[in-house]
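The values are calculated or read from the model by the stated rules, or taken from the named source; none is laboratory data. Just so it is clear, the model here is predicted, and its values are computed rather than measured. All Cβ positions, glycine included, derive from the backbone under ideal geometry; neighbour counts span all protein chains shown. For the accessible areas, the whole protein counts, side chains as well, though only heavy atoms, and no ligand, DNA or RNA atoms are used. Shrake-Rupley method; radii C 1.70, N 1.55, O 1.52, S 1.80 Å.
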Amino acid sequence: MAVLTEAPRRGVLLRILPSALYSGRSTAVLERTFLTYSHAWMLFVSGVFEPLFYLMAFQLGFGKLVGEVAGPGGQAMSYVAFVAPGLLAASAMNGAILDSTYNLFFKLKYAKLYDAMLATPIGPLDIALGEVGWSVLRGGIYSATFLGVMTVMGLPGSWWALLMIPAALLIAMAFSAIGIVLVTFLRSVSQFDYINLVLMPLFLFSTTFYPLSVYPAGIQWIVQIFPLYHGIELMRGLSVGVLSWGMIGNVAYLVALAAVGIYASSKRFGKLLLR
């Protein structure tokens, strides 16, 4: 009887997807990663500091040279308050990419961890959801810490800024899912340079440090394709409480990116490991 009642508790996916793809055990993958980091917590905590150093540098240094800038809705805001939401979005992106590329590549190519997992009832979709889930959890901790520092510095201008944490989780989920897909195509560590080649322009040109209006009209269309741009726009509007219908498009873009990434990563895991 226990076996018969187990499937409904695991939800709709377990009933509609083949057991070879999904077994409802993605939390086991998440738990394994959590236990691993419990013995290397300094590596986990160190990721908090990079965006905080950026923020302190702008607060104490560069921000002194720049006056107020036009924020969401044309609202005037200090340059540090303008940059901080962009740094939070970039932090969520970088943390997710780190976990879903470098760490995952080692587990996939050298530790052969996923081969061992697939010898159990765990399926490719369980692995994808578990790895993305860890990136989201890590991004949430980093985001909460960053938002706490922003609050101490008096940068958020609205209670809507609390929604920056779930926004950061969405950004982490989208980039983690896509990162997993990309890493399944890599053959050597040297090919990570290609990923870095994409990440750097995303960080610099997705309106992290200046508004979209500084670009020529033709370039603006290109920037608006960048996934990080949508994350930053969402963060920046929430930080000052200026909400717009465009935010629905930002959320939809990131949700679609995450959904495509999770589906594609599960397919890639199945192709690589279930041959």
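At-a-glance table
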{"item": "Conditions (1) more than 21 Å from Val83 (Cα to Cα); (2) modelled with pLDDT of 90 or more; (3) surrounded by fewer than 18 Cβ atoms within 10 Å (Cβ to Cβ): number failed by Ser176", "result": "(3)"}
{"item": "Helices (runs of 4 or more DSSP H) enclosed by the stretch 178-275 - at least 1 residues per element that are over 20 Å from the mean Cα position of the chain (by Cα)", "result": "217-223, 227-240, 246-273"}
{"item": "Pick from the stretch 257-267, criterion open to solvent by 40 Å² or more (accessible area, probe 1.4 Å) and over 12 Å from Ser176 (Cα atoms), ranking: modelled with the lowest pLDDT", "result": "Lys267"}
{"item": "The stretch 250-268 residues that are more than 26 Å from Leu118 (Cβ to Cβ) and without any contact (Cβ under 8 Å) to a residue 24 or more places away in the chain, paired with ones that are part of a helix (DSSP H, G or I) and not β-branched (Val, Ile, Thr) (beta carbon under 7 Å, 6 or more apart)", "result": "Asn250/His230; Asn250/Glu233; Asn250/Leu234"}
{"item": "Subset of the stretch 55-104 (residues that are open to solvent by 60 Å² or more (accessible area, probe 1.4 Å), in contact (Cβ under 8 Å) with a residue 24 or more places away in the chain and of a type in the set (A, V, I, L, M, F, W, C))", "result": "Ala70, Leu98"}
{"item": "Among (1) open to solvent by 40 Å² or more (accessible area, probe 1.4 Å); (2) modelled with pLDDT under 85; (3) of a type in the set (A, V, I, L, M); (4) in a helix (DSSP H, G or I) - the single one Ala7 does not satisfy", "result": "(1)"}
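Each row is one residue, and each column tells you yes or no for (1) among the aromatic types (Phe, Trp, Tyr); (2) open to solvent by 30 Å² or more (accessible area, probe 1.4 Å); (3) under 25 Å from Ile262 (Cβ atoms).
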site	(1), (2), (3)
Val181	no, no, yes
Leu186	no, no, yes
Phe192	yes, no, yes
Val198	no, yes, yes
Val214	no, yes, no
Ala217	no, yes, no
